[in-house]
Amino acid sequence: MQRKNLPAMSSRLLSAAVSAGFDLSRAVHLLRAGGVVIFPTETLYGLGCIATNADAVARVYQLKRRPVHKPLPLLAADTAQVSAVADLEGMPPGLYAFWPGPLTVLLPGRQSLPSVLKDAHGRVAVRVTSHPLAAALALQAGGTLTASSANRSGLPAVRRAGELDPSLLSALAACCDGIMANLVQHDTGVAELTIPILTDGPQPAGGLPSTIVEPLHDAAGRRVRVLRDGAISAAQLTAAGFVLA
């Protein structure tokens, strides 16, 4: 039975629930069932679901209060997962040197992806994560994840679990409560309040988010446009032989 009063719970109770933790196995099962999870990435905490699940993607937009015309970035465990959601044919070979890592690349998206994850040109923004827990989550869940920062749109992103917005956590618990109840109905050891947030493993390093680049497909495969400055600097791209448009 779904609990009714989650959105009104206090910050103290929410903090206690976060401290209780949520293990990788439960997170994987929740994602496969169409749920949403908060997890650490290289730089910040992310809010994600399996990218090919349109209903789950809609939940992420609702939780973030994000306009649907702004595609969510994607996070993969490896290049095989990238290939499942994007066409790697136009990937400049030199950019592979930055994967795994905080470099997001615009690539043509596969038809299997929900349209809201693609820009007006049918491209998706995707990277291979270097965070071991985020990679394990995507790998065991069996698909590339959405990886927008875990905050309401317009509010600051965070690198510590204790800084997460209580209203977002409460909404997340309410959003996934019915799914989680079905998954754990036979598990008598489940806590009274469970929020799907992974806190194990290395914590996000903070700093800038991932850098977003657009390959410009010149003959040499060396021209890119930086769409968002981030953790990979322009100097690093230039040192790797890229010409910035």
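For every residue, the table says whether it meets (1) among the basic types (Lys, Arg); (2) in a loop (DSSP other than H, G, I, E, B); (3) exposed (fewer than 14 other Cβ atoms within 10 Å of the Cβ); (4) modelled with pLDDT of 75 or more.
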position	(1), (2), (3), (4)
Leu155	no, yes, yes, yes
Val158	no, yes, no, yes
Ala171	no, no, no, yes
Cys175	no, no, no, yes
Leu183	no, no, no, no
Thr188	no, yes, yes, no
Glu192	no, yes, yes, no
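Do we find that Val68 is modelled with pLDDT under 95 and either assigned to a helix (DSSP H, G or I) or more than 24 Å from Ala220 (Cβ to Cβ) (or both) in this structure?
Against the criterion (modelled with pLDDT under 95 and either assigned to a helix (DSSP H, G or I) or more than 24 Å from Ala220 (Cβ to Cβ) (or both)), Val68 qualifies.
Which residues, counting only those in segment 87-131, are in a strand (DSSP E or B) and among the hydroxyl-bearing types (Ser, Thr, Tyr)?
Thr104
How many residues does segment 118-146 contain that are over 12 Å from Ile50 (Cα atoms) and of a type outside the set (Gly, Ala, Ser)?
12
Do the conditions hold for Ala17, that is, is it in contact with a strand residue (DSSP E or B) (Cβ under 9 Å, 6 or more places away or on another chain), of a type outside the set (S, T, N, Q) and either at positive phi or at pLDDT 95 or above (or both)?
no
The values are calculated or read from the model by the stated rules, or taken from the named source; none is laboratory data. All of these numbers come straight from a predicted model, not from anything done at the bench. Don't worry about glycine lacking a Cβ; one is built from the backbone with ideal geometry, like all the others, and counts go over all protein chains shown.
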